[in-house]
Amino acid sequence: MTDAEALLAVRNVTKAFAIRGGLFKTRIGEMRAVDDVSLTIPAGTSYGLVGESGSGKTTLGKVILRLVEPTTGQILFEGKDLCQLTGDELQLQRAGMQMVFQNPYSSLDPRQSVKSTVAEPLVIFGRARGKELDDRVRSLIATVGLRDEHLYRFPHEFSGGQRQRIGIARALALEPKLLVLDEPTSALDVSVQSQILNLLLDLQQRLGLTYLFISHDLAVIRYVCDRVGVMYLGRIVEEAAVEELFARPQHPYTRSLLSAIPEPDPDHRFQPVEVNGEIGRLALDDRGCRFAPRCPFVMDRCRQIDPALEATGSAHLVACHLYSDGAVSN
Ligand code: SF4
């Protein structure tokens, strides 16, 4: 698939933030939250981004929507590079890409009723008014499983799951093609999580939506996504079709994530990996593999050379010197 054929193609995107210190908060360095990331999402599919807190996945989601400006790289949506667009042209493209946020308690304005929350994007973009606007809002809340009687209520009157349904209805208002779903179920009770995941799957089928699904939970990613990228310190360190990743995880970090699931899959056995410590921060002058400080397989060259993301099998990519050597099997 070419970049022009994909709904979304991210090419070599980096986002660096200044590190400031001292009395006058002068710039003393840079931290790469997203580092040379590329990914492709065909229309109608779901791509999962998984990793610990601090891995850069939410920043990447915001960079893709240009809610945060990338430092370098290309973001091609329907073949157009969003980084080259400004003003009305950018707003028009942005309408086709919407975000659903993690926390349904803080992402809704407590002073706005459901009706005005869902209607707001349609009003701002001048898409509907009067009766047409009213009908459209009623149709949107019905699409997410809410009823007319909910229209004039306020966010505090709803449960977490219902609030997330309101957030999804608002995100759908401009008929986007791509939804960036940032941990959309992690603030919800387990029973409600499955309802929202099933709603998202149903909406994808009915509306032909494409998802970038951000989560720290591989089980959720497996339920929803077709393909998955594992992020560590700003970089995708492994990417594969979901079932391939569960059957043959390669990168030590991916294997540690899967090892942390109580019963990842009795049919798919791999050598578990346990890692210690916490995810750190990557400065511009750091060399070598970013997972080296925590990796039980670390070698001398891991500390010198940053491994490239390379194919190890059919559409299975991994960034690890163990595989460039062909030295490890599952
Ligand atoms: Fe571990 Fe080396 Fe592979 Fe990095 S490159 S994950 S340190 S074995």
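How many lysine pairs does the chain hold where the Cα atoms are under 17 Å apart and the two sit 8 or more places apart or on different chains?
Number of lysine pairs found: 5.
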Legend entry - Relative contact order [Cα under 8 Å, 6+ residues apart], the range 6-72, whole percent: 38 percent
Inset, instruction - Report the relative contact order of the range 66-185, percent, no decimals, based on alpha-carbon pairs under 8 angstrom and at least 6 residues apart. - result: 39 percent
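Report the full-extension gain for the segment Ile305 to Ala142: residue separation times 0.36 nm, less the Cα-Cα distance, to one decimal in nm.
Gain on extension, Ile305 to Ala142, equals 53.3 nm.
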Legend entry - Additional length obtainable on full extension of the chain from Ile261 to Tyr152, 0.36 nm per residue less Cα span: 35.1 nm
Inset, instruction - Would you calculate the separation in nanometres between label points at Ser159 and Arg206, each defined as 7 Å from the Cα along the Cα-to-beta-carbon direction? - result: 1.9 nm
Inset, instruction - Would you work out the relative contact order for the chain, in percent, from Cα pairs under 8 angstrom that are 6 or more residues apart? - result: 20 percent
Inset, instruction - Label the chain by shape, choosing from rounded, prolate and oblate, from the square roots a ≥ b ≥ c of the eigenvalues of the Cα gyration tensor; if a/c is under 1.5 it is rounded, and otherwise prolate applies when a/b is larger than b/c, oblate when it is not. - result: prolate
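Starting from the Cα gyration tensor of the range 1-86, take the square roots of the eigenvalues, sort them a ≥ b ≥ c, and report rounded, prolate or oblate (rounded when a/c is under 1.5, otherwise prolate if a/b is larger than b/c, else oblate).
Taking the square roots of the gyration eigenvalues as a ≥ b ≥ c, the range 1-86 is prolate.
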Inset, instruction - For Val100, list long-range residues whose amide hydrogen, built 1.01 Å from N in the peptide plane, is under 5 Å from its own amide hydrogen. - result: Val180, Leu181, Asp182
Inset, instruction - First check a/c for the range 111-216, with a ≥ b ≥ c the square roots of the eigenvalues of its C-alpha gyration tensor; if it is under 1.5, answer rounded, and if not, answer prolate when a/b is larger than b/c or oblate otherwise. - result: oblate
Inset, instruction - Could you state the angle between the C-alpha long axis of helix 190-207 and the longest principal axis of the C-alpha atoms of the chain, as a value from 0 to 90 degrees rounded to the nearest 10? - result: 80 degrees
Inset, instruction - Give me Ile19, Ile166 ranked fewest to most by other Cβ atoms within 10 Å of their Cβ, as a rough exposure proxy. - result: Ile19, Ile166
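Return the FRET efficiency for the residue pair Ala18, Leu90: r is the Cβ-Cβ distance, R0 is 25 Å, and the value is rounded to the nearest 0.05.
Here the calculated transfer efficiency is 0.55.
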Inset, instruction - Subtract the Cα-Cα distance of Asp217 and Asp134 from 0.36 nm times their separation in residues, and report this length gain in nm to one decimal. - result: 26.1 nm
Legend entry - Ordering of 225-237, 151-163, 38-50, 128-140 by burial proxy (mean other Cβ atoms within 10 Å per residue, highest first): 225-237, 38-50, 151-163, 128-140
Legend entry - Environment charge at Thr210 (Cβ cut-off 14 Å; Lys +1, Arg +1, Asp -1, Glu -1): -1
Legend entry - ³J(HN,Hα), Karplus 6.51/-1.76/1.60, whole Hz, each residue of the range 306-323, x for Gly, Pro: 6, x, 7, 7, 10, 6, 10, x, 5, 6, 10, 10, 8, 10, 7, 5, 4, 8
Legend entry - Charge tally in the Cβ shell below 15 Å around Ala315, where Lys, Arg are +1 and Asp, Glu are -1, Ala315 excluded: -4
Legend entry - Karplus 3J(HN,Hα) series, Hz, for the range 98-114 with 6.51 cos²θ - 1.76 cosθ + 1.60 (x for Gly, Pro): 10, 10, 10, 8, 5, 9, x, 7, 9, 8, 10, 6, x, 8, 9, 5, 4
Legend entry - Among Phe246, Phe17, Phe291: highest mean-square fluctuation, GNM of the chain, C-alpha pairs under 10 Å: Phe17
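Read-outs throughout are calculated quantities, based only on the coordinates presented, and are distinct from any laboratory measurement. From a predicted model like this one, the values you see are computed outputs, not experimental measurements. Cβ coordinates were reconstructed from backbone atoms using ideal geometry, including for glycine residues, and neighbour counts include every protein chain displayed.
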